[in-house]
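What follows is a short report on a single structure.
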Amino acid sequence: MSNKKLKFAVVGCGNLAMKYSIPALMNSGVSEIAICVDPNRRGQKEAIKEKFNLPLVTLFDQAIKEYEFDAVYIASPTGTHKDIVIEAAKNGKQILCEKSLGSDLSEVLEMVESCKKYGMALFEGFMYQFHTQHQFVRDLIKKGEIGEPFHLEARFGFPPIHENDFRYKKSSGGGVVLDAGSYTVHVARKFFGLEPVNALAVLENEGKEVEIRGTALLNFGESRTASLIFGFNNMYQSRYQIWGTKGMITLERAYALPPDFKPTCILEKQGYREVFTLDACDHFIEEIKYFCSNYHVNEVKEDWYNEAINQSKALHSLF
């Protein structure tokens, strides 16, 4: 591999991309941006030019025809991902796509098959997993601090969002399962290193066309379970807790952390409690470094395909 930076097109320039993803792609040291694309934000052109000195077009086809880039970072609503991924793969672009990859399993399978056909990488981006706090948790468990882990509880939810937000629209791939719920499912799968053998979920719509709140229980077999709570109209929660035979570990800010935020990890045992303040970490940059280091490795690409399929299967077991 050369030291040449991987050149990206950014598709979807909403708040997340403007605040974190675009700066991370510009500052990672291994990537750069050729063009931004957003069909719904013509007014963003001046903002992107002023803030990042980058051009913006409204059509992905136009970006492909008029700009040179190696990869695409997709941060648009879930319901738009399939067409963008397939078009990118056909045109020889590597793909880093924000969660959730597809609105349903059939979309995910179609995207994976297209990327396999054209030999392109397809990585579903859950940036939280690249934060160093999760390695700290794994190290505590490896040292035997909580004995044998058997249950994970995960919560992710936030206060009411704008009524016109795409997350409330079924056609846009909305709904809390594909949004906040996907993080809780992902962290449980990744922690146990297993796929759930069965699931039970209660989902609530409260008059919306998509579910806005949910509670789920996943059984991973081998006496390992996870309880998940997620929602749009809640007090903010972003945590997971691991219960073991001798103790418990809690991360109070597990999923969405600003790059300069120092998280805390709580270790509890009978009659003992310790709070660790951990280092800040830009998990957006770490995710990009990981992608740029691995997109060309065939074995890794195959793992990414399978991971995306298994995540989608787990999500849709909740419906």
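Values quoted throughout were computed directly from the atomic coordinates according to the rules given, and no laboratory measurement underlies them. Just so we're clear, the structure is a prediction, and the values are computed from it rather than from any experiment. A quick note on method: Cβ atoms are made from the backbone with ideal geometry, for glycine too, and the neighbour counts reach across all protein chains shown.
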key: Whole-Hz ³J(HN,Hα) from phi, Karplus 6.51 cos²θ - 1.76 cosθ + 1.60, for the stretch 13-22, glycine and proline x   = 10, x, 4, 4, 5, 5, 7, 10, 5, 4
task = Answer with one residue from Val137, Ile309, Asn219: the one whose Cα lies farthest towards the positive end of the charge dipole of the chain, charges on Cβ with Lys, Arg +1 and Asp, Glu -1.
result = Val137
ask   = Magnitude of the Cβ-charge dipole of the chain, K/R +1 and D/E -1, about the Cα centre, nearest 20 debye?
value = 320 debye
remark   = Residue by residue through the stretch 211-227, the couplings from Karplus 6.51 cos²θ - 1.76 cosθ + 1.60 with θ = phi - 60°, in Hz, x for Gly and Pro, are 6, 10, 8, x, 9, 9, 10, 10, 10, 9, x, 6, 6, 10, 9, 9, 10
Antiparallel bridge percentage (DSSP; both residues within the chain; nearest 5) = 60 percent
ask   = Quick one: helix 81-90 against the long Cα principal axis of the chain, what's the angle to the nearest 10°, folded into 0 to 90?
value = 60 degrees
Residue-wise HN-Hα coupling along the stretch 72-80, computed from phi with Karplus coefficients 6.51, -1.76, 1.60 (Hz; x: Gly, Pro) = 10, 9, 9, 10, 8, x, 3, x, 9
ask   = Which FRET efficiency value, to the nearest 0.05, do you get for Asp61 and Gln135 by plugging their Cβ-Cβ distance into 1/(1 + (r/R0)^6) with R0 = 41 Å?
value = 0.50
query = Taking every DSSP beta bridge that has both residues in the stretch 132-280, what percent is antiparallel when rounded to the nearest 5?
reply = 85 percent
task = Please work out the C-alpha center-to-center distance from the stretch 1-76 to the stretch 240-296 and express it in whole Å.
result = 29 Å
key: Relative packing of 251-261, 71-81, 286-296, which averages over residues the other C-beta atoms within 10 Å, highest first   = 71-81, 286-296, 251-261
task = Go ahead and set up a Gaussian network model of the chain, Cα springs under 10 Å, then flag whichever of Glu204, Glu153, Glu124 fluctuates most.
result = Glu204
remark   = Sorted by chain and number, the residues with a modelled amide H under 5 Å from that of Arg253, at a separation of 5 or more or across chains, are Thr264
key: Calculated FRET efficiency for the pair Asn91/Glu148, C-beta based, R₀ 35 Å, to 0.05   = 0.10
